[in-house]
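Below: one structure, written as structure tokens.
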Amino acid sequence: QVQLVESGGGLVHPGGSLKLSCAASGSIFSPYGMAWYRQLAGDERDFVERDFVAHITDSGDTNYVDSVKGRFTISIDKARNTASLQMNNLKPEDSAVYYCNLQNHDEENYWGRGTQVTVYS
């Protein structure tokens, strides 16, 4: 089993920055990848319908949704099994609950409980 704990959400004005962190623990084996997804609060869609934001492999390869390229940076600390998402120049449309995802070596997926990000004028 793998457990994921997100932190770092909060309230920020447009143009501001936040850094999200996701600490993973449990039976994690390479190769694995970690990612961030987001979903509007109150959205009743199943977790598989969450919107992809960014992904990083344990070898450091990254991928982003177009809307956050140049503003968000995903990173990984393999020694601590922690992924971070630095979010700069935040916009109101970035407001959502952000979920951490880990896909383990056996392609099993795990999710955190989410952290709220609110960008307001």
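Projecting the Cα atoms of G9, S30, H55 onto the charge dipole of the chain, computed from C-beta unit charges around the Cα centre, puts G9 farthest toward the positive end.
Taking amide H atoms as placed 1.01 Å from N in the peptide plane, the amide H of G16 lies under 5 Å from those of L90, each 5 or more residues away in sequence or on another chain. Here the chain has 46 percent of its accessible surface on carbon and sulfur atoms, given a 1.4 Å probe and all protein chains in place. Global size of region 15-121: 13.4, 43 Å for Rg and Dmax (C-alpha atoms, Rg to one decimal, Dmax whole). In order along region 13-25, the Karplus-derived 3J(HN,Hα) couplings, from 6.51 cos²θ - 1.76 cosθ + 1.60 at θ = phi - 60°, round to 7, x, x, x, 10, 9, 10, 9, 10, 9, 9, 9, 9 Hz, and Gly and Pro are given as x.
Solvent exposure of the chain amounts to 53 Å² per residue of accessible area, where only protein heavy atoms count and the probe is 1.4 Å.
The values are calculated or read from the model by the stated rules, or taken from the named source; none is laboratory data. These numbers were taken from a predicted model, which means no experiment stands behind them. Note: ideal-geometry Cβ built from the backbone for every residue, glycine included; neighbour counts use all protein chains shown. In case anyone asks, the SASA skips ligands and DNA or RNA and just uses the protein heavy atoms, side chains included. Shrake-Rupley method; radii C 1.70, N 1.55, O 1.52, S 1.80 Å.
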